[in-house]
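Asks: Take this structure first; my questions come after.
Where a number appears in this text, it was derived from the coordinates with a stated rule and is not lab data. Since this is a predicted model, take the numbers as computed values, not measurements. We place every Cβ from the backbone using ideal geometry, glycine too, and count neighbours over all the protein chains shown.
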Amino acid sequence: MDFQTRWLTHKYTGRDCTPRHRDHIDRIRLEVETSLMKILLLAAVTLDGKIARNTHHFVNWSSREDKKLFFATSRQAGVIIVGNNTFKTLPSPLPGRLHIVLTTTLEGKEDIPGSVEYTDRTPPEIVADLEARGYSEAVLTGGAQINALFLQHGLVDEIWLTVEPLIFGAGIDLFRGLEFDLRAKLIHIEKLNEEGTVHLRYSLR
Ligand SMILES: NC(=O)c1ccc[n+]([C@@H]2O[C@H](COP(=O)([O-])OP(=O)(O)OC[C@H]3O[C@@H](n4cnc5c(N)ncnc54)[C@H](OP(=O)(O)O)[C@@H]3O)[C@@H](O)[C@H]2O)c1
């Protein structure tokens, strides 16, 4: 049983547990147990835990080493799952990757075959579709709303953080809009350069 299911079971076991809560637990357990695909959440974060100064802030501030890691990992996965706010900050789609762009409004948005697909589907539907198309791994690349959405569905296997020695003082956190009570396990730690960039990997399984 994954962390999310354990937490929900713990939270809703006992006299507070209603049939609606039980349904919720069962639904999340089903989503997690039926997902074969590995989803890696990748983000560059500042020392004060920010992924951007604001919604429009393009991630051009992370180190060369972080960019290299992101490009290699996303190229290997072949698919990037991204929120529309983040997608709009990109100068252009990355070559060689399918971009699944989450939006609440499909109207007026045009897909680019093999490169960009807009969707308003739920995370389990997106993952099931990618699995059916033969993808075994996907890079979830934010932003904060989309990260929280996938975490809520128990669809994040690992969190890869590149901590950059920068302080913004204000900005966007790694997750936004939802509350969690989860614990992850550190599985990798690596100093990426002499400037003090550190790469951390956590497992949620
Ligand atoms: N440091 C890093 O590594 C890193 C990584 C990624 C992003 N970022 C930064 O994060 C910032 C953006 O983050 P954000 O949290 O504002 O936005 P976001 O998560 O990138 O995108 C939010 C958008 O996703 C769509 N959306 C939200 N919930 C949805 C749902 N349930 N179903 C379908 N679509 C849904 C909506 O698009 P519509 O408005 O079109 O409906 C919403 O406006 C940018 O500055 C970006 O540079 C940083």
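Asks: Give me the mean projected area, in nm² to one decimal, of the convex hull enclosing the Cα positions of the range 106-173. It would help to have the intermediate numbers written out before the result.
Replies: Values: hull surface 26.3 nm².
If I average the Cα hull's projected area over directions, I get 6.6 nm².
Asks: Highest mean first, how do 113-119, 144-150 rank when packing is the count of other Cβ atoms within 10 Å averaged over residues? Walk me through the numbers before you get to the answer.
Replies: Details: 113-119: 14.6, 144-150: 22.1.
Taking the mean over residues of other Cβ atoms within 10 Å, the ranking is 144-150, 113-119.
Asks: Out of I100, V82, L69, whose Cα points farthest toward the positive end of the dipole of the range 39-122 (charges: +1 Lys, Arg; -1 Asp, Glu; placed on Cβ)?
Replies: Result: L69.
Asks: Give me the extension gain from F58 to L36: residue separation times 0.36 nm, minus the current Cα-Cα distance, reported in nm with one decimal.
Replies: Result: 4.8 nm gained on full extension.
Asks: Compute the Rg/Rh shape ratio of the range 31-162: radius of gyration over Kirkwood radius, all on alpha-carbon atoms. Walk me through the numbers before you get to the answer.
Replies: On the way: Rg = 13.9 Å, Rh = 15.0 Å.
Over the Cα atoms of the range 31-162, Rg/Rh equals 0.93.
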